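No value in this document is a laboratory result; all are computed from the given coordinates. All values derive from a computational prediction rather than experimental measurement. Cβ placement follows ideal geometry from the backbone for every residue including glycine, while neighbour counts extend to all protein chains displayed.
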Amino acid sequence: MSTRQIALAAVLLALVFIAHASGRILQVGGAQLAPSIGVYVFMALILAPSLGWGPLVAIGLGVGILTMLATSSPFPPANIPGHGLAFLLAAYMTKMYTGKSTRELTTTQMVTIVTVCLLVSWTLFSSISWFGLTGSGHALLSRNFNAFSALPLGQGLVAWWIFGFLTIAIPTLIIALILTPLLYRAVRPALVRQGMIEAAA
């Protein structure tokens, strides 16, 4: 990584932390809104084409640790695999779409990456949180889940996954679907002009 890439990654990691901490304002049933997903997917979109897997794994670990520190969830360590691996998945999909070039991604490709990463992130986070709380007597484990007060879901991991998907993951996805392409289209040209990332080839 060049000095400029390190500086850019550091700034974006700070934004991931701030975005995830801001999600504390909406915490529902053991999960919180995660606008950070839109930020770290954007980070993968602009950095992955020109970085090797060593730096990307380090950034993914940073994403996981920072979201863990910023979370209000009852099992914070679940953020490390939940968000760190989602960042690496976004990086992998970006590399898959761009090949060995630095060409720009289409809106459809960005939407696909965001959606897949959100599903993987929520599934990892919810599953690891659930099993991490097992034996702790946490109220989440015995809760009866009802989505929107009209859809009884029952108890257990599957009920919590559906409940969280409907109440937290979908709003998070909507934010990310707006935020990620917007950042990419608005910020990427400026980063290219400043020589922080390579121009499309």
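In this structure, the amide hydrogen of Asn146, modeled 1.01 Å from its nitrogen in the peptide plane, lies closer than 5 angstrom to those of Leu153, counting only residues at least 5 positions away or on a different chain. Largest GNM mean-square fluctuation among Ile65, Ile25, Ile175, using the chain with Cα springs under 10 Å: Ile25.
Residues in the stretch 184-189 carry Karplus couplings, in order, of 4, 6, 8, 9, 4, x Hz; the curve used is 6.51 cos²θ - 1.76 cosθ + 1.60 with θ = phi - 60°, and Gly or Pro positions show x. For Ala14 and Thr115, a Förster radius of 22 Å and the Cβ-Cβ distance give a FRET efficiency of 0.30, rounded to the nearest 0.05. Taking each residue as 0.36 nm, the span from Leu182 to Ser142 lengthens on full extension beyond its C-alpha to C-alpha distance by 10.4 nm. Per-residue Karplus couplings for the stretch 81-96, computed as 6.51 cos²θ - 1.76 cosθ + 1.60 with θ equal to phi - 60°, are listed in order as x, x, 9, x, 6, 5, 4, 5, 5, 4, 5, 4, 5, 4, 4, 5 Hz, Gly and Pro entered as x. Of all segments of the chain bounded by trypsin sites (Lys or Arg not before Pro) found in a DSSP loop with no more than 15 other C-beta atoms within 10 Å, the longest spans 1-99.
Full extension of the segment from Thr134 to Leu166, taken as 0.36 nm per residue of separation minus the current Cα-Cα distance, would add 9.2 nm. Within the stretch 32-185, the percentage of alpha carbon pairs spaced more than 19 angstrom apart rounds to 54%.
A crude spin-label estimate for the pair Leu157 and Thr123, with each label 7 Å from Cα along the Cβ direction, gives 1.2 nm. For Ala7 and Val28, a Förster radius of 45 Å and the Cβ-Cβ distance give a FRET efficiency of 0.80, rounded to the nearest 0.05.
Mean residue ellipticity at 222 nm, helices only, the chain: -22000 deg cm²/dmol; runs of at least 4 DSSP H residues each add -39,500 (n - 2.57), and the sum is divided by the number of residues.
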